[in-house]
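What follows is a single structure, written as structure tokens, with notes after it.
The values are calculated or read from the model by the stated rules, or taken from the named source; none is laboratory data. Note that the coordinates shown come from a computational prediction; the quantities given were computed from them, not determined experimentally. Backbone-built Cβ (ideal geometry, glycine too); neighbour counts: all protein chains shown. What goes into the accessible areas is simple: the full protein's heavy atoms, side chains included, and nothing from ligands, DNA or RNA. Shrake-Rupley method; radii C 1.70, N 1.55, O 1.52, S 1.80 Å.
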Amino acid sequence: MKLINKSNFISIVCTSFTLIVCGKLLLEKLSGFKDKYYTENIFTCLAFSIVITLILSLHYYLQRFPFIPVFIGQYVVTIGIVFLSIWISSHFTDIAPTGYRDMFYSISIPFVIGAAVYYICFFHEIRKANKMLEKLVEE
């Protein structure tokens with residue numbers, strides 16, 4: 001069952017991006033933090049919203065494998081992409097000494113929340129499809 005497809009990919013990215021940015025702004029407001037790299041960080045949020053949505057959408061092709069290894073693999077690939085992008089950008093700009101740790105948290109939290117929502121919806125749809133099949137078999 002494919003939950004993320006071509007027709008809803010952009011809307012899912014936009015929704016997740018909006019929620020992430022609103023969460024970022026709310027946390028910054030509550031903590032009194034002033035982000036001097038505001039524009040770069042907003043575009044980074046957009047880029048990683050796209051990456052996380054794309055990686056979660058690959059679940060459709062990995063359904064034949066057990067859930068836990070797929071979830072761990074998706075997470076490891078996401079973190080790998082993030083750390084690779086930090087490493088590449090460190091060749092062009094200065095990275096904070098805690099940059100890797102900060103991005104680990106900044107990506108892990110949205111990924112876990114996004115994956116939880118995705119997999120809850122996925123298993124709900126599977127359960128609904130199984131109930132429909134049971135009704136068809138009974139008739």
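Per residue, how many Å² of accessible area does the chain show with a 1.4 Å probe?
On the way: 9930 Å² over 139 residues.
About 71 Å² of surface per residue is accessible.
Per the 1.4 Å probe, what fraction of the accessible area of the chain, in percent, lies on carbon and sulfur atoms? Before the final figure, lay out each step's value.
Working: 7080 of 9930 Å².
C and S fraction of accessible area: 71 percent.
Count charges around L46 for me, please; just the other residues with Cβ under 14 Å from its Cβ, Lys/Arg as +1, Asp/Glu as -1.
Details: positive: K24; negative: E40.
Its environment carries a net charge of 0.
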| Based on DSSP H runs of at least 4 residues, each adding -39500 (n - 2.57), what is the mean residue ellipticity at 222 nm of the chain after dividing by all its residues, to the nearest 500 deg cm²/dmol? | -27000 deg cm²/dmol
| field | Long pairs among K24/K131; K6/K131; K6/K128, criterion Cα-Cα beyond 32 Å | value | K24/K131
| remark: Scoring segment 8-138 by relative contact order with C-alpha pairs under 8 Å, at least six apart, yields a percentage of 24
| query | Using a cut-off of 17 Å between alpha-carbon atoms, which aspartates and glutamates can reach K2, once sequence neighbours fewer than 8 places away in the same chain are excluded? | reply | E125
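What's the ranking of 73-83, 49-59 by average number of surrounding C-beta atoms within 10 Å, highest first?
On the way: 73-83: 15.9, 49-59: 19.2.
Averaged packing, sorted descending, gives the order 49-59, 73-83.
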| Placing +1 at every Lys and Arg Cβ and -1 at every Asp and Glu Cβ, with all other atoms neutral, what dipole size does the chain have around its Cα centre, in debye to the nearest 20? | 140
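Which order, highest average first, do 89-98, 103-112 follow once you tally other Cβ atoms within 10 Å for each residue and take the mean per peptide? It would help to have the intermediate numbers written out before the result.
Working: 89-98: 9.9, 103-112: 16.0.
Descending packing order for the listed peptides: 103-112, 89-98.
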